[in-house]
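Below is one structure, written out as structure tokens, with a few remarks after it.
The values are calculated or read from the model by the stated rules, or taken from the named source; none is laboratory data. Bear in mind the structure is a predicted one, so any value in this text is a computation, not a measurement. No Cβ is skipped: glycine too gets one built from the backbone with ideal geometry, and neighbour counts run over all protein chains shown.
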Amino acid sequence: MNKFTDEKCKQLRELASGTRAKLSMKDELLTEEKIGLVCDAILQSKAICELDFESSGIGDKGCEHIRRLVEGDGIIISLDLQLCQITDNGFKILAEALLRASSPIRALNLGQNGLTSQSTELVASLQRRYPLMMLLLKGNKIPEEDLQRIQQWSLTEKQVDNLIEHSCAREKQRMEEEKLNQENEDANVLGGEEEVTQETCAEMKTEMNV
């Protein structure tokens, strides 16, 4: 492995868990051994959320290693694999891993690869399962009519904005309800303490009178 990739892996291993960083290996020629070591370092650090492997030549064999990242616990949210010499076989590996994932990535760029109509059904399955995921396929060999059919499963930008807006509104309402419930609980606790104090004072007065 060359010095550049060695240094990248070292930096990855030193990143603290919880860090949200982007790793770019663009134009870095990655053999199967190199991509395996890079993926090992990423999994070890748990600090990378965006990956750029554009023009790295990982091919279908590299997809076997990338698979370990996308079927993980949702750490990776963006993956750029354009111009990586990936065919239908490599995409099948990635797509099946994504369909198993509990928290899929939000953006996947597979432009300028070798995908054909054989991948159409898997692409459609991904879009049906994850309509909010941005899947870029420009420059492949998938027929235009197939791409148009697939797009029916993805949401428009306006629909995505509406979903986000509604989600934010629900979250705001939930937080307000939690705050109100907490205030009521605090008030009940204070009320109970006052009652106990009054009862204690009454008992003390009774004892003194006796």
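Tabulated results
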{"quantity": "Candidates 71, 121, 64, 33, filtered to the one that is more than 19 Å from residue 22 (Cβ to Cβ) and without any contact (Cβ under 8 Å) to a residue 24 or more places away in the chain", "calculated": "121"}
{"quantity": "Hey, residue 84 within 27 Å of residue 142 (Cα to Cα) and without any contact (Cβ under 8 Å) to a residue 40 or more places away in the chain or not", "calculated": "yes"}
{"quantity": "Residues located in the stretch 24-63, provided they are surrounded by 19 or more Cβ atoms within 10 Å (Cβ to Cβ), within 18 Å of the chain's Cα centre (by Cα) and at pLDDT below 90", "calculated": "42, 45, 47, 48"}
